[in-house]
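Beneath this line is the structure, given in structure tokens, with notes to follow.
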Protein chains: 2
Amino acid sequence: MIKKRLFAPGPTMVPPEVLLELARPVTHHRTAEFRALLKEVNELLKVVFQTERDVYVLTGSGTVAMEAAVSNVVGRGEKMLAVVGGKFGERWRDLGKAFGADVRTLDIEWGTAVDPQQIADALKAEPDIVAVYVTHSETSTATAIDLRTVAEVVGRTDAVLAADCITSIGALEMRADAWGVDIPVTGSQKALMLPPGLGMLSCSEKAMDKIARTEAPVYYTRIPAYAKSLAGGDTPYTPANTLILALKRSLDMIHAEGLEAVWAATSLRARAAREAAAALGLRVFSKSPSDSVTAVCVPDGIDGEKLPKVMAGTYGLRVAGGQSQLKGKVVRFSHMGYVDAFDTLAQVAGLEMALRDLGHSVALGAGVAAAQKVLAGAGA
Amino acid sequence: MIKKRLFAPGPTMVPPEVLLELARPVTHHRTAEFRALLKEVNELLKVVFQTERDVYVLTGSGTVAMEAAVSNVVGRGEKMLAVVGGKFGERWRDLGKAFGADVRTLDIEWGTAVDPQQIADALKAEPDIVAVYVTHSETSTATAIDLRTVAEVVGRTDAVLAADCITSIGALEMRADAWGVDIPVTGSQKALMLPPGLGMLSCSEKAMDKIARTEAPVYYTRIPAYAKSLAGGDTPYTPANTLILALKRSLDMIHAEGLEAVWAATSLRARAAREAAAALGLRVFSKSPSDSVTAVCVPDGIDGEKLPKVMAGTYGLRVAGGQSQLKGKVVRFSHMGYVDAFDTLAQVAGLEMALRDLGHSVALGAGVAAAQKVLAGAGA
């Protein structure tokens with residue numbers, strides 16, 4: 001009877017209304033109904049991406065959309081710049097290497113945001129860099145970058161800018177067209193409140209031009225094939241159509257609340273979590289914290305691999321521990337999607353109680369009260 | 001209130017028990033529970049693939065697993081042989097071209113099975129062909145090949161044999177290890193009775209050896225990454241974990257009935273459909289018909305694009321029309337997965353009624369009676 005709350009920074013909790021869509025009888029995808037659905041989903045996604053461009057939906061993990069953003073854009077031997085400040089920045093670098101790009105890496109201290117000037121300098125030093133890959137919200141370190149300024153800097157050059165927005169789109173302010181983010185990429189299992197299984201991306205005209213000039217070893221992820229199919233409401237290969245039906249439902253929910261209201265509520269929850277950590281004398285890992293996920297440092301003397309296990313095992317709160325070099329050092333929990341103020345309080349209360357269970361001296365409720373101060377008056 | 005029956009050769013109908021699994025709350029995939037699930041699914045899939053080798057589950061369309069079977073195996077400039085007798089054979093050829101292989105094509109008349117000797121001859125003429133790609137059941141023409149003999153022929157050479165078994169695994173007899181099919185590939189939305197979204201494949205030792213020797217531009221579909229992760233019960237990228245949970249359920253259903261019993265029942269339904277067509281004076285398109293899908297030729301004077309529309313619109317029976325060169329010439333319906341004898345009778349009865357509606361002279365019930373004769377005594 002233990003109630004299970006999925007607070008990991010993805011997959012996130014899916015509203016029951018959306019889950020029920022997934023239980024509907026499967027339909028065929030080469031039908032007028034599916035074509036109308038995909039076109040409608042495209043329009044709704046455009047708003048979430050803040051773009052006038054089409055949004056392509058690929059069946060796969062978020063990584064498949066990241067792969068598309070690399071494999072279509074950077075030809076063998078061409079130079080790309082990967083900004084690496086965490087596990088997902090490393091993925092951009094590894095994708096570039098896998099596809100034979102000449103990868104330049106800008107290594108950033110984990111938990112800090114890249115200084116856009118560093119990107120400007122790198123592009124000035126090597127003007128033949130054809131594309132820049134950044135992580136808007138680095139899930140592994142819970143760090144957000146100033147994507148707007150990065151886009152401004154890259155926009156002054158011929159390079160294409162791709163951004164991993166997997167834990168930003170639908171959670172943090174992200175304006176693809178206004179800012180000039182050429183290829184924003186996201187996945188279904190984060191702020192879009194769906195199970196994993198869909199990757200999404202859009203491409204600016206600048207990006208499409210580069211893609212048209214690039215000969216690349218690419219088939220399943222070939223963006224022009226998705227573009228051509230989408231014009232008719234189709235996908236080039238059998239889509240995960242039940243997930244797309246459910247996506248329609250979750251996008252309707254987001255739009256009913258209003259995208260900017262969703263951003264604001266996410267931000268408020270994140271601020272509440274950070275204030276709670278401060279009140280508990282705990283350090284937030286990131287120097288530039290993302291509003292979609294918070295990483296709290298495990299206090300000295302506490303087993304950081306045990307902490308998320310106690311939160312899940314004793315309290316039913318599934319949070320994430322640290323990855324790679326942060327293993328055992330942080331716990332991470334999500335503010336994206338289908339979480340509200342009381343979930344945030346449960347995150348804080350559960351952290352307090354689990355820390356206490358592990359022998360840490362905690363003033364139970366101190367974090368909760370600090371979070372409440374931020375959240376009060378704003379509704380659930 | 002019209003009851004809708006999905007009789008297309010994929011996606012196919014999903015049992016309600018399996019649909020309900022999809023509506024369960026989403027869980028996290030980096031947990032002991034998911035690792036145990038994936039290992040269990042792997043064991044169940046091995047039986048369906050008839051292999052002792054691991055079965056890798058990729059999040060994506062069936063095409064993503066086909067891509068993996070090409071991109072990992074054939075290095076740039078290496079020779080591969082694609083046997084092309086329909087739209088899905090063309091996909092092998094196109095995948096090879098996309099990844100820079102030196103593609104040899106063996107073009108087969110649509111609706112006929114390749115003569116294994118032709119493959120033997122091709123391999124003898126060009127012994128530097130490193131891999132052969134065939135389609136066990138060509139969905140576009142509803143044609144099955146003698147995969148066992150093809151595997152015998154290819155097994156005498158150093159070439160790796162990959163087979164598109166997307167509409168064969170779980171429907172037709174297919175024994176990967178006993179026959180020597182090095183890389184069988186399937187998808188979730190056919191005989192495995194799930195929505196689209198998962199691609200699956202296994203690799204023989206011979207295939208893994210070739211993969212280890214091949215440097216390829218591949219990341220998301222890199223088979224060794226799936227192999228390494230699966231050893232620990234993981235996937236390299238976020239899996240469509242709800243689909244995998246549902247897959248467990250559908251595999252349990254298949255194994256409860258028994259794989260060979262499922263093959264036999266599929267075969268019986270197909271034979272019933274073919275006998276019905278004959279009784280109605282209709283031609284089955286394929287000269288080597290697959291038991292997973294039947295393509296019936298549209299009689300002269302009848303609008304072949306309208307026929308499936310009438311079956312769907314008036315009768316709620318979603319069948320597929322023809323693709324590419326068969327557009328307007330055939331209707332295709334599935335015998336895979338969650339269909340029974342009475343569904344087969346509905347397919348036949350609906351075909352009779354729709355043909356009559358379109359002005360074709362039909363002895364209503366003649367096809368149904370012929371199908372009943374085949375099905376009677378065997379249960380539902």
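The values are calculated or read from the model by the stated rules, or taken from the named source; none is laboratory data. Remember, predicted model here, so these are calculated numbers, not experimental data. Cβ atoms come from the backbone with ideal geometry, glycine included; neighbour counts cover every protein chain shown.
Let's see how each residue does on (1) assigned to a helix (DSSP H, G or I); (2) touching a helix residue (DSSP H, G or I) at 6+ places or on another chain (Cβ under 7 Å):
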{"position": "A:LEU172", "(1), (2)": "no, yes"}
{"position": "A:ALA178", "(1), (2)": "yes, no"}
{"position": "A:LEU194", "(1), (2)": "no, yes"}
{"position": "A:TYR219", "(1), (2)": "no, yes"}
{"position": "A:TYR237", "(1), (2)": "no, yes"}
{"position": "A:SER250", "(1), (2)": "yes, yes"}
### Summary
Checked B:ALA125, B:ALA171, B:ALA212, B:ALA120 against criteria (crowded, with 24+ Cβ neighbours inside 10 Å, at pLDDT 95 or above and not hydroxyl-bearing (Ser, Thr, Tyr)); the one match is B:ALA171
### Task
Kindly provide the set of residues from region A:333-348 that are acidic (Asp, Glu) and closer than 24 Å to A:CYS297 by Cβ, ordered by number.
A:ASP343
### Message
Filter region A:21-34 down to the residues that are surrounded by fewer than 16 Cβ atoms within 10 Å (Cβ to Cβ) and within 28 Å of the chain's Cα centre (by Cα) and list them by number.
### Response
A:ARG24
### Task
Determine whether A:ALA163 is out of contact with any Ser or Thr (no Cβ under 6 Å at 6 or more places or on another chain), modelled with pLDDT of 95 or more and either assigned to a helix (DSSP H, G or I) or in the same structural domain as A:VAL296 (by TED's automatic domain parsing) (or both).
no
### Task
Evaluate region A:35-42: report whether one residue or more is surrounded by fewer than 23 Cβ atoms within 10 Å (Cβ to Cβ), away from chain B (no Cβ under 14 Å) and more than 30 Å from A:LEU247 (Cβ to Cβ).
no
### Query
So is B:GLN347 under 23 Å from the mean Cα position of the chain (by Cα), buried (at least 22 other Cβ atoms within 10 Å of the Cβ) and outside the structural domain of B:ILE166 (by TED's automatic domain parsing) or not?
yes
### Task
Only one of these is at negative phi and more than 14 Å from every other protein chain (Cβ to nearest Cβ): A:ARG156, A:ARG93. Name it.
A:ARG156
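What are the residues in region A:289-325 that are assigned to a helix (DSSP H, G or I) and away from chain B (no Cβ under 14 Å), if any?
Keep residues of region A:289-325 that are assigned to a helix (DSSP H, G or I), which gives A:306-315, A:324-325.
Hits for region A:289-325 are A:LYS306, A:LEU307, A:VAL310, A:THR314, A:TYR315, A:GLN325.
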### Message
I'd like the residue in region A:229-248 that is in contact with an Asp or Glu (Cβ under 9 Å, 6 or more places away or on another chain) and more than 13 Å from chain B (Cβ to nearest Cβ) and, out of all such residues, is farthest from A:PRO15 (Cα to Cα).
### Response
A:ALA231
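Take A:VAL132 and tell me if it is in contact (Cβ under 8 Å) with a residue 60 or more places away in the chain and either surrounded by 22 or more Cβ atoms within 10 Å (Cβ to Cβ) or out of contact with any helix residue (DSSP H, G or I) (no Cβ under 6 Å at 6 or more places or on another chain) (or both). Step through it out loud before you land on a result.
Numbers: in contact (Cβ under 8 Å) with a residue 60 or more places away in the chain: no; either surrounded by 22 or more Cβ atoms within 10 Å (Cβ to Cβ) or out of contact with any helix residue (DSSP H, G or I) (no Cβ under 6 Å at 6 or more places or on another chain) (or both): yes.
No: the conditions fail for A:VAL132.
Can you go through A:LEU198, A:LEU280, A:LEU251 and tell me which one is hydrophobic (A, V, I, L, M, F, W, C), crowded, with 20+ Cβ neighbours inside 10 Å, within 14 Å of another protein chain (Cβ to nearest Cβ) and touching a residue at least 12 places away in the same chain (Cβ under 8 Å)?
Values: A:LEU280 fails: within 14 Å of another protein chain (Cβ to nearest Cβ); A:LEU251 fails: within 14 Å of another protein chain (Cβ to nearest Cβ).
Answer to the check: A:LEU198.
Give the residue, chosen from B:THR51, B:THR31, B:THR112, B:THR63, that is out of contact with any Phe, Trp or Tyr (no Cβ under 6 Å at 6 or more places or on another chain) and within 8 Å of chain A (Cβ to nearest Cβ). Break it down into steps so the answer makes sense when it comes.
Values: B:THR51 fails: within 8 Å of chain A (Cβ to nearest Cβ); B:THR112 fails: within 8 Å of chain A (Cβ to nearest Cβ); B:THR63 fails: out of contact with any Phe, Trp or Tyr (no Cβ under 6 Å at 6 or more places or on another chain).
Result: B:THR31 is the single residue among B:THR51, B:THR31, B:THR112, B:THR63 that is out of contact with any Phe, Trp or Tyr (no Cβ under 6 Å at 6 or more places or on another chain) and within 8 Å of chain A (Cβ to nearest Cβ).
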### Query
Of the conditions (1) closer than 17 Å to B:PHE49 by Cβ; (2) away from chain A (no Cβ under 14 Å); (3) in a helix (DSSP H, G or I), B:TYR226 fails just one. Which one is it?
(2)
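Of the residues A:THR149, A:THR139, only one is β-branched (Val, Ile, Thr), over 30 Å from B:GLU215 (Cβ atoms) and under 16 Å from the mean Cα position of the chain (by Cα); which? I'd like the intermediate steps shown before the answer.
Values: A:THR149 fails: under 16 Å from the mean Cα position of the chain (by Cα).
After applying the criteria, what remains is A:THR139.
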